[in-house]
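To start, the structure under review is shown below, and the notes come after it.
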């Protein structure tokens, strides 16, 4: 048989197969549709009968339901009443208190006690706010009220003198320093040099954002806070202070953990002391205790160690380049536990040192 004839036979077989499949699918559709219609018809008959029975018997069933519900409510009140009273106690008013009149209450206070005062929250402020100058306000009183320097207010508002006018609006930065609008070519190191501060202070300020957390790159046009920064023509606000060698530290609850220069003192948003030293010296335990954590994070504290001490105290040593202890290890006062570095959220070689007690971060300078 020739090839064209074979191809013709295969085409006929394929056509017949397709026709058979189409016929079978058509039969399956009609059969399924018929069976579903019959099933729905039976379901409707059963449903109508059931509804009729429920409508006839609804009075009897509702009576039992109400009785059972009432019993459950009584049982819940008996069982849950004492529990509610324990967690939400009420205090019965004393007869003497009920007889006390408003005149008696007012007479117990002096006129000065009835004045209202504004309670300033201890929570750190991270945004610039607008303040309207009141009669009698001075730059000094406003600076003291918001916990920043007079120069900071002058720089933020481009004031040439300290003269204020009632009703005048002032921009109040959250911290002492400079509010800078990032321009092309700016980076944290050039700005730190320009404003005579430390780059790590810029990194430490919580709301300062970076386009790249690895390089601390800035975005053109963003607002950047430069803590403790000063105008180029002004004198520095803080100067680095030498730190005693840790091997000679004594007299406080904790000894100095390393040697170098203090580049940032404790502030509300950074309750720690930063000690910088390009030589990357060893880090020593502030006191004897047990290592609670020793490990590395990509950001934040970087490679750091936490030591548990007596009376609920903890010390934290952050941004280390190497760790010399492991969790659970006992360490002595002054024992070397690692080496200073610049890991995590760090702009240069330094130690971030914290003191905590029962989970609260304390001012470390009070214990050194």
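Key figures
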item	result
Pair residue 144, residue 71: separation of 7 Å Cα→Cβ label points (nm)	7.5
Gain upon complete extension [residue 360, residue 333; 0.36 nm per residue less C-alpha separation]	7.5 nm
Inter-label distance, nm, simple model (7 Å from Cα along the C-beta direction), residue 158/residue 269	2.4
Stokes-Einstein D for region 155-228, Kirkwood Rh over Cα pairs, 20 °C, 1.002 mPa s (µm²/s)	159
C-alpha center-to-center spacing [region 137-166, region 298-357] in angstrom	39
Region 246-366: antiparallel DSSP beta bridges as a percent of all, rounded to 5	100
Dimensions in Å of region 246-366 - Rg and Dmax from alpha carbons	12.7, 36
Region 246-366: relative contact order as a whole-number percent, Cα under 8 Å and 6+ apart	28
Zone of residue 184's modelled label, taken as backbone nitrogen in region 211-228 under 17 Å from a point 7 Å along Cα→Cβ	218-222
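Values quoted throughout were computed directly from the atomic coordinates according to the rules given, and no laboratory measurement underlies them. In this text the structure is predicted, and so the values were computed from the model without any measurement. Counting neighbours? That spans all protein chains shown, and the Cβs are built from the backbone with ideal geometry, glycine included.
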